[in-house]
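Reading through the structure tokens given below for one structure.
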Amino acid sequence: MKTNDYVKYMTQQFVQYMDQPKEERKTKKIQKKEERAPFANRWFGMIPLSFMLWYRKKKER
């Protein structure tokens with residue numbers, strides 16, 4: 001992709017974003033934030049979850 005094409009694409013995306021009403025942008029941002037995985041899983045994968053489950057199971061015994 002040439003630089004000119006990239007600038008054109010970015011300009012189109014920016015204009016499309018700015019054409020949306022402010023409330024729609026806010027709701028989209030909040031929705032995207034809610035869909036994200038928790039911090040520990042996002043950064044460290046399943047290891048913290050498995051450790052937590054193992055610890056709870058051990059604690060109950």
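Remarks
- Helix-only mean residue ellipticity at 222 nm for the chain, each DSSP H run of n ≥ 4 adding -39500 (n - 2.57), per residue, nearest 500: -26500 deg cm²/dmol
- Calculated P(r) of the chain - Cα pairs past 19 Å, %: 63 percent
- Whole-Hz couplings from phi, Karplus 6.51/-1.76/1.60, listed for the stretch 17-24; x for Gly and Pro: 5, 6, 6, 6, x, 4, 5, 5
- Spin-label model, Asn4 to Arg42: label points 7 Å out along the Cα-to-beta-carbon direction sit 3.9 nm apart.
- Leu49-Gln16 FRET efficiency (beta carbon distance; Förster radius 35 Å; 0.05 resolution): 0.40
Every read-out reported here was derived from the displayed coordinates using simple, explicitly stated rules and does not represent laboratory data. These numbers were taken from a predicted model, which means no experiment stands behind them. Quick reminder, even Gly has a Cβ in these numbers, built from the backbone with ideal geometry, and neighbours come from all protein chains shown.
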